[in-house]
1. Classify the range 1-51: rounded, prolate or oblate, from the alpha-carbon gyration tensor (a ≥ b ≥ c, eigenvalue square roots; a/c under 1.5 rounded; otherwise prolate if a/b is larger than b/c)?
2. Gap in Å between the Cα centre of the range 20-84 and the Cα centre of the range 86-123?
3. In a shell of Cβ-Cβ distance under 15 Å around L102, excluding L102 itself, what net charge do Lys and Arg (+1) and Asp and Glu (-1) give?
4. How long are the three semi-axes of the equivalent ellipsoid for the chain, computed from the Cα gyration tensor as the root of 5 times each eigenvalue, in whole Å, largest first?
5. Aspartates and glutamates near K17 by alpha-carbon distance under 20 Å, same-chain residues fewer than 8 away left out - which ones?
6. Among Y133, Y65, what is the fewest-to-most ranking by other Cβ atoms within 10 Å?
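FYI, it's all coordinate maths here, none of it is from the lab. The shown structure was predicted, so the numbers you read here are calculated from the model rather than taken from an experiment. Glycine also receives a Cβ, built like all others from the backbone with ideal geometry; neighbour counts cover every protein chain displayed.
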Amino acid sequence: MALAPQFINVPNLGLTKFTNGDGTSTKTIFTAGANGSRILSMCVTSNDLSSRQVQLAIVRGGVSYKLSAPTIPAAAAETPVVNLNLLDPNWFGWLDANEPHLMVPAGVTFEVTPLVAVSSGKEISVMVFAGDY
């Protein structure tokens, strides 16, 4: 137990974008701070007219562990950009539904891999909003 309360000290923002040219390459979307981090939100947006599946993995010590492979719904005229919460308590039953945050130690990264390339002229953006201790 800490001798004093631990507060988030520095904002940490992870951003990445996938376009058709990226194919199915894996990208790091977040790296925890030197004293660990608290991930407050992990979101994905897409304007692709086809649904796309992405794989989310956590990496520690060079070993990648698959967390989830959510399907991002297709965009349409009524929803030109779709939004999806990757930290959905319905997928991760161990997350608190009232506060679905993750606390991760230093040395941990998160990666995303599209399982099929994004359509030409479209994009998928992944954003991680966090704070470092």
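1. Numbers: a/c = 4.13, a/b = 2.75, b/c = 1.50.
Cα axes put the range 1-51 in the prolate bin.
2. Their Cα centres are 6 Å away from one another.
3. Numbers: positive: R38, R60; negative: D88, D96, E99, E111, D132.
Value of the local net charge: -3.
4. On the way: eigenvalues 159, 50, 34 Å².
Ellipsoid half-lengths, sorted descending, are 28, 16, 13 Å.
5. Within the straight-line limit of under 20 Å, K17 reaches these aspartates and glutamates: D48, E111, E123.
6. Values: Y133 18, Y65 8.
By the 10 Å Cβ count, ascending: Y65, Y133.
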